[in-house]
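The values are calculated or read from the model by the stated rules, or taken from the named source; none is laboratory data. Here the structure is a predicted model, which means the values were calculated and not measured. Cβ coordinates were reconstructed from backbone atoms using ideal geometry, including for glycine residues, and neighbour counts include every protein chain displayed.
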């Protein structure tokens, strides 16, 4: 049990830290790589839940395909680096905002609150039926029976995202 | 091991309205590549919306689709679905109609993409309204939100449009995350995403966690419907986004979000332990939205921004119905559904007028309305009637909408909220009157304001609907109240 907690804690920490670095990294390519790390550690959490197939998908699709896509997108755009112009005089309010202190405080308060809520809640045992090991076949069958409509809507969502990316970034040509 | 298909329960007729819309969206997308002349594709999008409405009419005839869940319990056939999908399609049709002259002028490069995005957003909203499974509700929400973010940023060379898109996107992403967090806790507690099963399983759920999840869901939806204090993105998004897009924002995505709110809370979270809690929370949100929206709107000089605050206050009015729905479900939800229709019909005409001003190369400041009665008397009088409807004065549809909300509030024991709503309606006279004063009592040298035929059609439809639906409100409200009776209880 302790090993389980420890490994979950380690994976959660890596996920959170890399997610934080995604937002704060100055070079966008670095941000993309941090994101890949975050995805990979999420797949570790899937492994802990004994969902090998989902974990493999997470690595293949998110850490593999999506990160590659993002790096391609970065290469196609002209933005490489995010620069924050240092200001000569900054008020105390601006300094506090820039330091990220507020985010840390809000995050900690939130974490403490959620921990408290989970602590006082008695979660019924066996509330969620154990899904067991999902086979590829089961995933496929569910996707094409119960989840047909959401699956199609998700496809349209991806198409829309692609159209949107093209509209918003295409070079203006005469 | 063959795959068991018996649980799918497909029904072509119930999926036909969104199906038709999706097919038209894709056809328009492909035709865009091959046609030089783009204007007719706007007409084709409109035809798609109308055909989707026809398909909906076929599906909603009594006995055509037996009430129930189809496609693996994802798509629901009931009066609620039919009513909301019809309302959303009407909104989409009106938006396409009032954009037809504006888009070729201001967005010559992405004309067809504009209609594409409106169609895709509408498709997502239809699924939000038509499902009792939070998976599909959430996916529909994402589809419509993503399309909206892109729509807000279509004026690429206008920094305010970029700002609007960015603010809308960041706030929307945060809202989605908060909503998803709440929904994931609910799923963890119950093991299902299907709302009726969730309702049964929630009986044994621990209360602190359940209430926390509920608060997250309320906050997430609060962002989407721009209820104060989650409304801060709305004024900037409305002001910066292209004008017809702002009109679209104020009409369709909010209506769909309200449909999702009613579904999730009345079907999934209506166990007695939490019902009163979310009811009170919504009542508080309602009071703050009405007050903040109306009082801030008084100081605006830009009409688009004013309409944004006005929509915040209208979210407050609608929340009266949502809060009341916890104690008097039929009356409360019926009033909300009716109000959504009335708000969309009224708003279409007002936004059409703003689009008309921009079509002549003018802005949307309060000053641009000066002397409108001189420049186009018909439009000025129409606008007067529409503002009267937004304030809620008989015999317009706005009055009946507010009346039903008021009745629901009183029946549910929220007399203070109902009274606050009446007071706020009086406050709102102040800022609508500012526009009316500019229109009627200021002189101008500007030439006559011409509306294209499509804009004329929208204003005429809007005015007609405000009067007809207002005076003939009883069948509509009866249908709306019956819609909830079939929600599966």
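A few remarks follow.
- Check on residue B:157, surrounded by fewer than 20 Cβ atoms within 10 Å (Cβ to Cβ), under 19 Å from residue A:165 (Cα atoms) and in contact with a helix residue (DSSP H, G or I) (Cβ under 8 Å, 6 or more places away or on another chain): no
- Residue, nearest to the chain's Cα centre (by Cα), within the stretch B:368-393, restricted to residues that are assigned to a loop (DSSP other than H, G, I, E, B) and without any contact (Cβ under 8 Å) to a residue 40 or more places away in the chain: B:392
- Against the conditions (1) touching a residue at least 40 places away in the same chain (Cβ under 8 Å); (2) surrounded by fewer than 24 Cβ atoms within 10 Å (Cβ to Cβ); (3) out of contact with any strand residue (DSSP E or B) (no Cβ under 6 Å at 6 or more places or on another chain), residue B:365 satisfies every one except (3).
- When the stretch A:148-157 is filtered for residues that are within 16 Å of residue B:122 (Cα to Cα) and more than 7 Å from chain B (Cβ to nearest Cβ), the ones remaining, listed by number, are A:152, A:155.
- Some residue of the stretch B:375-385 being buried (at least 20 other Cβ atoms within 10 Å of the Cβ) and closer than 24 Å to residue B:287 by Cβ: no
- Residue match in the stretch B:295-309 (condition: surrounded by fewer than 24 Cβ atoms within 10 Å (Cβ to Cβ), in contact with a strand residue (DSSP E or B) (Cβ under 8 Å, 6 or more places away or on another chain) and in contact (Cβ under 8 Å) with a residue 24 or more places away in the chain): yes
Here is a yes/no grid of residues against (1) touching a helix residue (DSSP H, G or I) at 6+ places or on another chain (Cβ under 9 Å); (2) within 14 Å of chain B (Cβ to nearest Cβ); (3) at pLDDT 85 or above:
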position: A:74; (1), (2), (3): yes, no, no
position: A:77; (1), (2), (3): yes, yes, no
position: A:87; (1), (2), (3): yes, no, no
position: A:92; (1), (2), (3): no, no, no
position: A:99; (1), (2), (3): no, no, no
position: A:110; (1), (2), (3): no, yes, yes
position: A:113; (1), (2), (3): yes, yes, yes
position: A:128; (1), (2), (3): yes, yes, no
position: A:135; (1), (2), (3): yes, yes, no
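- Test result for residue B:94, within 12 Å of another protein chain (Cβ to nearest Cβ), touching a helix residue (DSSP H, G or I) at 6+ places or on another chain (Cβ under 7 Å) and part of a helix (DSSP H, G or I): no
- Residue match in the stretch A:50-68 (condition: within 30 Å of residue B:194 (Cα to Cα), at pLDDT 80 or above, assigned to a loop (DSSP other than H, G, I, E, B) and within 14 Å of chain B (Cβ to nearest Cβ)): no
- Considering the stretch B:197-215, the residues that are surrounded by 18 or more Cβ atoms within 10 Å (Cβ to Cβ) and more than 10 Å from chain A (Cβ to nearest Cβ) include one that is modelled with the highest pLDDT, namely B:214.
- Out of B:151, B:117, B:139, B:143, sole residue that is crowded, with 24+ Cβ neighbours inside 10 Å, more than 7 Å from chain A (Cβ to nearest Cβ) and without any contact (Cβ under 8 Å) to a residue 40 or more places away in the chain: B:117
- For the stretch B:179-195, taking the residues that are without any contact (Cβ under 8 Å) to a residue 12 or more places away in the chain and in contact with a helix residue (DSSP H, G or I) (Cβ under 8 Å, 6 or more places away or on another chain), the one that is farthest from the other protein chains (Cβ to nearest Cβ) is identified as B:192.
- Residues of the stretch B:1-14 classified as under 23 Å from residue B:56 (Cα atoms), out of contact with any strand residue (DSSP E or B) (no Cβ under 6 Å at 6 or more places or on another chain) and touching a residue at least 40 places away in the same chain (Cβ under 8 Å), total: 3
- One residue stands out among those in the stretch B:54-78 that are outside any loop (DSSP other than H, G, I, E, B) and within 14 Å of chain A (Cβ to nearest Cβ): the one that is farthest from residue B:263 (Cα to Cα), which is B:70.
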